[in-house]
1. Please give the helices (runs of 4 or more DSSP H) falling wholly within segment 188-248 in which 1 or more residues are more than 16 Å from residue 280 (Cα to Cα), open to solvent by 10 Å² or more (accessible area, probe 1.4 Å) and aliphatic (A, V, I, L, M).
2. Just wondering, is there one or more residues in segment 276-285 that are at positive phi and either out of contact with any Asp or Glu (no Cβ under 8 Å at 6 or more places or on another chain) or assigned to a loop (DSSP other than H, G, I, E, B) (or both)?
3. Check every one of the helices (runs of 4 or more DSSP H) wholly within segment 92-151 and list those with 3 or more residues that are farther than 23 Å from residue 182 by Cβ.
4. Considering (1) under 17 Å from residue 250 (Cβ atoms); (2) open to solvent by less than 20 Å² (accessible area, probe 1.4 Å); (3) over 17 Å from the mean Cα position of the chain (by Cα), say which one residue 64 fails and leave the rest.
5. Of all residues in segment 67-88, how many are surrounded by fewer than 20 Cβ atoms within 10 Å (Cβ to Cβ) and in a helix (DSSP H, G or I)?
6. Quick one: residue 181 ticks every box in (1) open to solvent by 20 Å² or more (accessible area, probe 1.4 Å); (2) under 19 Å from the mean Cα position of the chain (by Cα); (3) β-branched (Val, Ile, Thr) bar one, so which box is it?
7. Do you know which of the residues in segment 322-349 that are closer than 30 Å to residue 290 by Cβ and out of contact with any Ser or Thr (no Cβ under 9 Å at 6 or more places or on another chain) is least open to solvent (accessible area, probe 1.4 Å)?
Amino acid sequence: MKKIALGLAAFATLALTSCSSDDDNNLVFTNNVTAPDTYTFERDGNSTVSFGGQTTRIQMAQEIVSGMVDPSNTEAILDNMFAHVQDANDFSDANLNASDKNVRSKIAASTDFYSANTTDANNIKATFDFFIEEQVNTVFPNWSTTATAGVAGQLQQVGGGATRYVNDRGLEYNQAFAKGVIGALMVDQMLNNYLSLSVLDEADNKANNSAGVLDGTNNYTTMEHKWDEAYGYLYGNEDNPAVPVYEADKFLSEYVAKVNEDPDFEGIALDIYNAFKLGRAAIVAKDYELRDVQAQVIRGKISAVIGIRAIYYLQQGKANLDLDKASAFHALSEAYGFIYSLQFTRQPGTNDPYFTKDEVQQMLDQLMLGDGFWDVTASSLDAISNTIAAQFYFTAGQAGSL
């Protein structure tokens, strides 16, 4: 691949009326806000950027997904990884074991969507518990069984390709889990929590940011930190997060890159990166109107990535449905997870996702009718693709082409 060169970040330069800044050596403000070339922000010569918790959760999620294709793992082992408690020996990385973070607590946990809706939040967490439970109790025992309609087991891709492990309807639980985590953790926390006014401007955050009051002993204001935490869910596993090259993890980082490779959406990765930089620069400059515009840009483009990949994998499944069941079911399992993630997207300028929980469930039910992927038809996959595309600015043909 295809690392995305973001040295092009100079394109981000955008001058707008704003206040001056005294805490970023990359920025010069004279009645305007200019984004730095890279996501580098400093105060008194030291970085003000911090998102260690996001990096930790990305790395934990990666180990959980890998653990779901190791049939020696028990349900308790995987559950403990998912709901890790500090100092438990759940991961191969000692730093992850020492952490007080875990993935499960941040699933469907945004302020805007779930702080007043614990019923949905708990049901969504339970869905991920179910994926783990079923992987261990129905797929692992059939690891060597050839899968057929109504029977869990394995399928090998045509030509000696990869072996896929599916449930009795053809669904790979590990793929549903992984792509669902992109929405329920990364997208929800980014779009509906850290970029939310309820979080950015909570309590005295705006007054403190304007006055340069730092967050305790940290070298950042609370508002700066909240914005950085949103940034961390996309770029937190990069070797150099200030200059991302993408595909640094198997979650949002990978799929922003893949969408960017499609000529129909070329430049979307840079658009997102530039919006993050300019929004952060606006916080430094105390220009909250500009900050909020960039948050809306990020919401629209990250949501589009989820919709595009849902359609892409539906169309990949359709292309292989009569030729290679293993390849088709793998793609449809990824589509399942991305469709599930649509309920965590955010329409810019609104408090609404692009698809509600019930609308998402209707599409998933359509996908899993009867014996699920064994029965699904090309026309049904096209219908779901068109339903998704109709809520965005692109066509199913554009999203499904690469």
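The values are calculated or read from the model by the stated rules, or taken from the named source; none is laboratory data. Just so it is clear, the structure is predicted and the values come from calculations on it, not from any experiment. Cβ coordinates were reconstructed from backbone atoms using ideal geometry, including for glycine residues, and neighbour counts include every protein chain displayed. Only protein heavy atoms, including side chains, enter the accessible area calculation; ligands, DNA and RNA are left aside. Shrake-Rupley method; radii C 1.70, N 1.55, O 1.52, S 1.80 Å.
1. Passing ranges, in order: 205-211.
2. no
3. Because the criterion is at least 3 residues that are farther than 23 Å from residue 182 by Cβ, the helices (runs of 4 or more DSSP H) in segment 92-151 that meet it are 94-98.
4. So the condition that residue 64 fails would be (3).
5. Matching residues across segment 67-88 total 5.
6. (1)
7. 341
Listed here are the residues, each with its yes/no results for (1) closer than 21 Å to residue 258 by Cβ; (2) among the hydroxyl-bearing types (Ser, Thr, Tyr); (3) assigned to a helix (DSSP H, G or I).
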position	(1), (2), (3)
330	yes, no, yes
354	yes, yes, no
364	no, no, yes
373	no, no, yes
381	yes, no, yes
384	yes, no, yes
394	yes, no, no
397	yes, no, yes
